[in-house]
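Since the structure comes first, as structure tokens, the remarks are kept for the end.
Any read-out appearing in this document is the output of simple, stated calculations on the displayed coordinates, not a laboratory observation. What you see is a predicted model; the values in this text were computed from it and never measured. Cβ: placed from backbone, ideal geometry, glycine included. Neighbour counts: every protein chain shown.
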Amino acid sequence: MPTGAVGPTGPAGGGLLIFGGMFSDIESSATFNGNINTTVVLPEPTPATGIVHDALNSTLTVSSTGVYEVHYKINYTPTFIPVETAFLSIGVLVNDITVVTETHLLTSGVENSVFGTMLFVLASNDVVSLAINPTENVTFTFLGGVNAIVTLKQLQAL
């Protein structure tokens, strides 16, 4: 079959240019005080480009303004003292300000897995973290394997 002339080369293919995350895979326990936002400790970085992981503060800093997909997940078993049930808010913080929160009713001793995905416009140098805010004092037993994670993906530059 005959072929025609070859046209000009188009732009290179896309793909994720800015992405990264942080996680914990340490089976452990942590106590959270009631009605106080407490950052979830996420010491391990995922592969990343254009996002800086601060292990000491469990934060991610973005390098470029854009629309980002933010995903989080936490696996744990709560123990409330002295009550059997309590509400728990899990929130994504940007520059230490809660921008989205989910609230769940939890029962002491019952394994939970909470996750969410949302879109945000983040500015260059915005700092993202994950926080827990229970209505009662609670001890979390974080399960083995990856028990908490936050990832960021830039979907569109602005």
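What to note about this one:
- The alpha carbon centroids of region 72-136 and region 2-55 are separated by 19 Å.
- Over all other residues within a Cβ to Cβ distance under 13 Å of Met22, the charged ones net out to -2, with Lys and Arg as +1 and Asp and Glu as -1.
- Scattering profile of region 44-83 at q = 0.16, 0.20, 0.31, 0.33 Å⁻¹ [log10 I(q)/I(0), Debye over alpha-carbon scatterers]: -0.60, -0.78, -1.23, -1.26
- Sum of side-chain charges, Pro43 neighbourhood, beta-carbon under 11 Å (Lys, Arg +1; Asp, Glu -1): -3
- Relative contact order [Cα under 8 Å, 6+ residues apart], region 19-157, whole percent: 42
- Among His71, His53, the ranking by other beta carbons within 10 Å of each residue's beta carbon, starting with the fewest, stands as His71, His53.
- Taking label positions 7 Å along the Cα-Cβ direction at both Phe115 and Glu27, the computed distance is 2.1 nm, reported to one decimal.
- Region 91-158: translational diffusion in µm²/s, Stokes-Einstein, Kirkwood Rh over Cα pairs, 4 °C, 1.567 mPa s: 91
- For region 19-157, Kirkwood radius (reciprocal of mean inverse C-alpha pair distance, Å): 15.1
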